[in-house]
Amino acid sequence: MENLPDRPHPHAHLRASDTDRDQVVDVLRDALMSGRLSQDEHAERLEQTLQARTLGELEPITRDLVVPGQAQPAPLPVTQPSVSNSPVPIEEPADPSQSFDTMVAIFGGGERTGRWRVKRRTNAFAVFGGHDLDMTNAVFEGREVTIYAFAVFGGIDITVPEGVTVRNEGVGIFGGFGARGSDDPNPNAPTVVVKGLALFGGVGGQSSAKRHGKKNKGKGHHELH
């Protein structure tokens, strides 16, 4: 009896979404934690996942990790809520499939600050280095954006504007994983989902008021520069 079908993926030609890539990332993370993948294998497959553009390119990455017949999580429905009442500037991209960014810090550091654009998907890698993502004055390209943070003997710090909610979905192994959002979340403001892995490192953060002090409290996006 065949363990896996040999026929091509019926939708191999379709473009992969962020949700599709996130599902593969979750499988790889579980395989690393259970010992089915070494750290080098995990890093190699993770890079392949982030570079994949179609479902056909994603499917082989976890072919030997998924139990045959086990159902994969269904993609979450994508909604397009109104952003007119958001206290934080949101500008939908012309092509959502291209709204992604990758940052790499190896034995060094990187930062994003000022009026930069927070893509719907940002991949931040810190290996013996660090990243500082300060979104205080940033423009968001979606009501919900995802930061995939991968810190190995390094650190990633995330600062969000007041009113923004942060949802942690990452894992810390001999490290810490836990960014925090505003104490007074605004239902019309964006949500920042932080996923990934902290291995002998840390992923954390806070709201802009806690980082920058009282001078940022109560500011609206009309004061951005």
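Readers should treat all values here as calculations from the given coordinates under stated rules, not as data from a laboratory. Note that the structure is a prediction, hence the values are computed from the model and not measured. All Cβ positions, glycine included, derive from the backbone under ideal geometry; neighbour counts span all protein chains shown.
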Legend entry - Computed over the stretch 94-136, the ratio Rg/Rh where both radii use C-alpha atoms and Rh is Kirkwood: 1.02
Legend entry - Dipole magnitude of the stretch 99-225 about its Cα centre (Cβ charges: Lys, Arg +1; Asp, Glu -1), debye to nearest 20: 200 debye
Legend entry - Ordering of 17-23, 202-208, 51-57 by packing [mean C-beta count within 10 Å, highest first]: 202-208, 17-23, 51-57
Inset, instruction - Sticking with the crude label model, points 7 Å out along Cα→Cβ, report the distance from Thr102 to Glu47 in nm, one decimal please. - result: 0.9 nm
Inset, instruction - Provide the gained length on full extension for the span Ala12 to Trp116, in nm with one decimal, where the gain is 0.36 nm per separating residue minus the Cα-Cα distance. - result: 34.0 nm
Legend entry - Extension gain from Met33 to Phe174, taking 0.36 nm per residue of separation minus the Cα-Cα distance: 49.6 nm
